[in-house]
Amino acid sequence: MNKQQVANLLGLAQRARRIISGEELVVKAIQEGKAKIVFLAGDAAPNLSKKIKDKSNYYQVEVVTVFSTLELSSAIGKARKVLAITDAGFTKKMRSIMQ
């Protein structure tokens, strides 16, 4: 898996406004079925990790935890621990890179 390629795609998705970031908004996106894939920082707080993973499991959304908070934040240019991708095209490309 090429983390740099995925990070670059995250940046593109952010500029294309296909990313929802921040805990409450991501949880809402998962519940509404808008989130196609969720990126959770590997070093996020345990309560945040549990909340996001539980919601994602219930609504059958894939969670990726390979990035640290710093890596996620620098990829999209904002300090974030959790992101949801809302675009099927970006999701498909990211999954193919992560295979």
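Less than 12 Å Cβ to Cβ from SER56, Lys/Arg counted +1 and Asp/Glu -1: what total charge do the surrounding residues give?
Taking every Cβ under 12 Å from that of SER56, the sum is +3.
If you take Cα Rg over 2.2 N^0.38 Å from the coordinates, which of (1) 0.94; (2) 1.32; (3) 1.07 do you get?
(1)
With a 1.4 Å probe and all protein chains left in place, how much of the accessible area of the chain comes from carbon and sulfur atoms, in whole percent?
50 percent
How would you rank 91-98, 80-87, highest first, on the average number of other Cβ atoms within 10 Å across their residues?
Taking the mean over residues of other Cβ atoms within 10 Å, the ranking is 80-87, 91-98.
Please compute the length gained on full extension between ALA79 and LEU25, using 0.36 nm multiplied by the number of residues separating them and subtracting their Cα-Cα distance.
Full extension of this stretch gives 18.0 nm more.
Antiparallel as a % of all DSSP beta bridges within the chain, to the nearest 5?
Just about 70 percent of them are antiparallel.
Hey, quick one: spin label on LEU12, modelled 7 Å out along Cα-Cβ, who in segment 60-99 has an amide N within reach, i.e. under 14 Å?
Inside the label zone: 87-98.
The values are calculated or read from the model by the stated rules, or taken from the named source; none is laboratory data. Owing to the predicted nature of the structure, the values given are computational and were not obtained by experimental measurement. Cβ atoms come from the backbone with ideal geometry, glycine included; neighbour counts cover every protein chain shown. Just so you know, the surface numbers come from the protein's heavy atoms only, side chains and all, with ligands and any DNA or RNA stripped out. Shrake-Rupley method; radii C 1.70, N 1.55, O 1.52, S 1.80 Å.
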